[in-house]
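What follows is calculated from the coordinates using simple rules that are stated; it is not laboratory data. Small disclaimer: the values here were computed from a predicted structure and weren't measured. When we count neighbours, we look across all protein chains shown, and the Cβ atoms used for this are built from the backbone with ideal geometry, even at glycine.
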Amino acid sequence: MVEAASDKQAADLVLLDTREVCSFADYFVICTGGTSRQVKAIYDEVEHRLKESGIKPKHHEGDVDSGWLLLDFGSVVVHIFASFERGYYNLDTLWSQADTVVKIQ
């Protein structure tokens with residue numbers, strides 16, 4: 001998931017280990033797309049790569065216009081934000097007690 005997002009030039013890419021602080025997911029992937037087109041491209045690439053491996057999301061939310069797309073794979077939740085929404089919802093701070101596994105600026 002991280003690699004797929006990175007391949008589409010996702011910015012501020014973070015993989016958080018949430019096992020100690022979250023009851024519904026083991027990991028969060030959080031990243032930013034610079035434009036709505038890039039947000040959608042990141043979303044499509046993550047979904048495509050996992051589907052190739054036989055893994056389909058259990059749930060998905062949002063649309064490009066909302067600035068926040070979410071793919072829920074059960075133990076891993078992928079959050080793809082537009083720049084403004086990333087700052088507004090500030091999941092990085094909300095889940096700051098989670099361990100950072102990967103951080104790519």
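For the reader, a short list of remarks on this structure follows.
- Highest-first packing order for the peptide set 38-49, 88-99, 11-22 is 38-49, 11-22, 88-99, based on the mean count of other beta carbon atoms within 10 Å.
- Each Cα pair under 8 Å and six or more residues apart adds its sequence gap; the mean of these over the residue count of region 2-104 is a relative contact order of 34 percent.
- By DSSP, the beta bridges lying fully in region 2-104 are antiparallel in about 70 percent of cases.
- Whole-Hz Karplus values for region 29-34 come out as 10, 10, 8, 10, x, x Hz, taken residue by residue from phi with 6.51 cos²θ - 1.76 cosθ + 1.60 and θ = phi - 60°; glycine and proline positions read x.
- The ellipsoid equivalent to the alpha-carbon distribution of the chain has semi-axes of 18, 17, 13 angstrom, derived from the gyration tensor eigenvalues as √(5λ) and listed largest first.
- The count of lysine pairs in region 2-104 that are at least 8 places apart or cross chains, and whose C-alpha atoms lie under 19 Å apart, stands at 6.
- Remark: region 82-88, residue by residue, has Karplus-estimated 3J(HN,Hα) of 7, 4, 4, 5, 4, x, 5 Hz, where x stands for each Gly or Pro and the curve is 6.51 cos²θ - 1.76 cosθ + 1.60 at θ = phi - 60°.
- In region 47-88, Cα pairs under 8 Å separated by at least six residues give a relative contact order of 28 percent.
- Cα gyration tensor, region 14-72 - rounded (a/c under 1.5), prolate or oblate: oblate
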